[in-house]
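Here is the structure we will look at, set down as structure tokens.
The values are calculated or read from the model by the stated rules, or taken from the named source; none is laboratory data. Treat the numbers as computed from the prediction; the structure is a model and nothing was measured. When we count neighbours, we look across all protein chains shown, and the Cβ atoms used for this are built from the backbone with ideal geometry, even at glycine. For the accessible areas, the whole protein counts, side chains as well, though only heavy atoms, and no ligand, DNA or RNA atoms are used. Shrake-Rupley method; radii C 1.70, N 1.55, O 1.52, S 1.80 Å.
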Amino acid sequence: MVKNMSALKGIFYKAGVRAGRYGLPVVEGLGVFRFPRVVRVESTDICNASCTTCTREMMTRAEGVMDMGLYKKIVDECGLHKLKAIHLHNFGEPLMDKFLFERIKYAGEKGIATKLFSNFSLLDEDKAKKLVASGLGMIKVSIDGNSKETFETIRRGIKFDRVVRNIETLIDVRRKSASKTPRIGLVFVETEKNRFEREAFVKRWKGRVDSIHISSYHNWGGSLDSSRAMETRGLPCLRIWRTFTVLWNGDAALCCMDYDGKVILGNVKKDTISAIFNGEKLRKIREYHLRGEFNRIPICLRCEARR
């Protein structure tokens, strides 16, 4: 039975690889991927935490905050292409950006919803009220534990009790404002250090927030635990057809896994998202993925996000 299941998985896997390699160019030719479906805007890469599941300590690029003029240029182009939402996060803590609420409001004025990830350690009641009033559509809180001991072992530099209190504060402020937004989601990155708390975590928050997502740990393009890398997998990664990541200085990184900006496709200060997304550099990388030549892009070769 096990042998048959293994053979069946192998058949489906090979079919998936074939479908990706032959189907994606057809879909691309129909114009489906002329503009990214997901635009991720890194308003800042500054963070107040040093998590064990993150490559923060390995990052060598400069820290900074995105200029509002550049941000508006990005949002305006997204509006022209009728993009429904943008993600206001990448490799920093959004609540460290003093322009965050202004950014959310500006996107809303252009008809674009906003989403963001946060460690939530910097929230207070005033900021909770501003988040609700800003029109933010969704906020996801990274909380990888159900106890002080487990959480603070993983999310170094952040206090568990404070994050829990801040989540409860936003729930309360949203309720008192009779608002349905922002929707509140919790994300629990499961590892060997916190797996035993998973059920208690879900039980604690179920029915109190809008969503709970148990996420799999990944190796950040091979930067963490490269021994788990999957060089033999031939599936092309859909991120390079669907997503677009803008770093705080305007550089367009290959994807959200490229935390250090090693593969830069262009810069949106000088060019448009559309031009970079349809440019020669990304086109070649897509060809490498379709041919299974991941060794040509080291970050892709070792990346577990292709699973």
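Residues checked against (1) at pLDDT 95 or above; (2) over 20 Å from the mean Cα position of the chain (by Cα); (3) within 27 Å of Met68 (Cβ to Cβ):
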{"residue": "Leu247", "(1), (2), (3)": "yes, no, yes"}
{"residue": "Gly250", "(1), (2), (3)": "yes, no, yes"}
{"residue": "Ile264", "(1), (2), (3)": "yes, no, yes"}
{"residue": "Glu280", "(1), (2), (3)": "yes, yes, no"}
{"residue": "Asn295", "(1), (2), (3)": "no, yes, no"}
{"residue": "Cys300", "(1), (2), (3)": "no, no, no"}
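Go through Leu290, Leu301, Leu282 for me and flag whichever is aliphatic (A, V, I, L, M) and open to solvent by less than 10 Å² (accessible area, probe 1.4 Å).
That would be Leu282, the only listed residue that is aliphatic (A, V, I, L, M) and open to solvent by less than 10 Å² (accessible area, probe 1.4 Å).
So, in the range 192-214, of the ones that are β-branched (Val, Ile, Thr) and open to solvent by less than 50 Å² (accessible area, probe 1.4 Å), which residue ends up nearest to Ile139 (Cα to Cα)?
It comes out as Val209.
Number of residues in the range 139-155 that are small (Gly, Ala, Ser) and over 12 Å from Asn119 (Cβ atoms) equals 2. Set side by side, the residues Ala133, Ala178 differ, and just one is within 29 Å of Ile74 (Cβ to Cβ), small (Gly, Ala, Ser) and out of contact with any helix residue (DSSP H, G or I) (no Cβ under 7 Å at 6 or more places or on another chain), which is Ala133.
When Asn278 is tested against (1) over 18 Å from Pro36 (Cβ atoms); (2) touching a Lys or Arg at 6+ places or on another chain (Cβ under 7 Å); (3) of a type outside the set (A, V, I, L, M, F, W, C), only condition (1) is not met.
Identify all residues within the range 50-81 that are without any contact (Cβ under 8 Å) to a residue 12 or more places away in the chain and farther than 30 Å from Thr153 by Cβ; write none if there are none. Correct list: Asp67, Gly69, Leu80.
Among the residues of the range 139-183, write down those that are among the aliphatic types (A, V, I, L, M) and either within 22 Å of the chain's Cα centre (by Cα) or not in a loop (DSSP other than H, G, I, E, B) (or both). Across the range 139-183, the qualifying residues are Ile139, Val141, Ile143, Ile154, Ile158, Val163, Val164, Ile167, Leu170, Ile171, Val173.
Restricting attention to the range 155-175 and to residues that are among the acidic types (Asp, Glu) and touching a helix residue (DSSP H, G or I) at 6+ places or on another chain (Cβ under 9 Å), the residue that is nearest to Ser211 (Cα to Cα) turns out to be Asp172.
Just checking: which of the helices (runs of 4 or more DSSP H) contained wholly in the range 67-138 hold 2 or more residues that are open to solvent by 50 Å² or more (accessible area, probe 1.4 Å) and either closer than 24 Å to Ala49 by Cα or at pLDDT below 95 (or both)?
Fully inside the range 67-138 and qualifying: 125-134.
Condition check ((1) open to solvent by 50 Å² or more (accessible area, probe 1.4 Å); (2) without any contact (Cβ under 8 Å) to a residue 24 or more places away in the chain; (3) not acidic (Asp, Glu)) across all residues:
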position: Val141; (1), (2), (3): no, no, yes
position: Glu149; (1), (2), (3): yes, yes, no
position: Arg155; (1), (2), (3): no, no, yes
position: Phe160; (1), (2), (3): no, yes, yes
position: Val164; (1), (2), (3): no, yes, yes
position: Lys180; (1), (2), (3): yes, yes, yes
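Taken over the range 139-163, the criterion of being at pLDDT 95 or above, closer than 27 Å to Lys180 by Cβ and not β-branched (Val, Ile, Thr) is satisfied by Lys140, Asn146, Arg162.
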